[in-house]
Amino acid sequence: MRDIILASQSPRRKQLLEWAEVPFEVVIRSTDETYPEGMDVAQIPIHIAQQKAIAVKEYLQSAFHGQHTHSIILAADTIVVLGDTVICKPKDREDAIHILSSLSGQSHRVITGVVLLSGEKQIGFSDITEVEFHPLTTEQVEFYIDKYHPYDKAGAYAIQEWIGVIGIKSVKGDFYNVMGLPVSRVVQVLGNF
């Protein structure tokens, strides 16, 4: 397999690739995570992942003078969608409480967009998992937020943490997609890249 460069600082994505025994190195660049108004929700995380991949590609080209031209850059972004509303990472504690309270007792979609980029070749796809929470009490929501500080997580939660263990009623689709990377699909696509 060619060199894989993970364009993400997410410890969960790193962990999933390690579990899949995919060798990689991490290179991250700061990128804008906005998207055009009216964009189809399934395209939003692909668009953001593409921006991450391009930023890393441009950095590698300028910093290493083309040494990484055969590397595959892997970028991903995850969003949570409740109804028609895209839920981003919480701004603060109050926002996190509001977000988790709105997900309480509801089904929502977790969409991870993945982009693989090498030279001029690019593959982008998204994976959708439906997650349903049991009704959560205010005490549960506040305990989780105060103990786990989920401010870097879309939807203000991580499925593999306490709130997922006690609060999730059902998961339809790839569990690891909710963690931030549909890793089995990524491995299949990498094998065919």
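I'd like to check which helices (runs of 4 or more DSSP H) are fully inside segment 100-193 and have at least 1 residues that are touching a Pro at 6+ places or on another chain (Cβ under 8 Å) and of a type in the set (Phe, Trp, Tyr).
138-148, 175-179
Take residue 49 and decide whether it is hydrophobic (A, V, I, L, M, F, W, C), on the phi < 0 side of the Ramachandran plot and in contact with an Asp or Glu (Cβ under 6 Å, 6 or more places away or on another chain).
yes
Can you name the condition, by its number, that residue 70 falls short on among (1) surrounded by 14 or more Cβ atoms within 10 Å (Cβ to Cβ); (2) farther than 13 Å from residue 156 by Cα; (3) more than 18 Å from the chain's Cα centre (by Cα)?
Every condition holds for residue 70 apart from (1).
Do you know which of the residues in segment 154-193 that are closer than 21 Å to residue 91 by Cα and either touching a residue at least 60 places away in the same chain (Cβ under 8 Å) or in contact with a Ser or Thr (Cβ under 6 Å, 6 or more places away or on another chain) (or both) is surrounded by the fewest Cβ atoms within 10 Å (Cβ to Cβ)?
Only one residue fits best here, namely 158.
Only residues that are polar (S, T, N, Q) and either crowded, with 18+ Cβ neighbours inside 10 Å or not in a helix (DSSP H, G or I) (or both): list them for segment 1-54, please.
Result: 8, 9, 10, 30, 31, 34, 50, 51.
Specify which of the listed residues (80, 41) is modelled with pLDDT of 95 or more, within 15 Å of the chain's Cα centre (by Cα) and under 21 Å from residue 158 (Cα atoms).
Only one candidate qualifies: 80.
For segment 117-136, name all the residues that are under 13 Å from residue 45 (Cα atoms) and surrounded by 19 or more Cβ atoms within 10 Å (Cβ to Cβ).
Scanning segment 117-136 gives 126, 127.
If you go through segment 31-52 one residue at a time, how many are in contact with a Gly (Cβ under 9 Å, 6 or more places away or on another chain) and among the small types (Gly, Ala, Ser)?
2
The values are calculated or read from the model by the stated rules, or taken from the named source; none is laboratory data. Predicted model only: the values in this text are computed from it and were never measured. Heads up, the Cβs are rebuilt from the backbone with ideal geometry, glycines too, and the neighbour counts pull from every protein chain shown.
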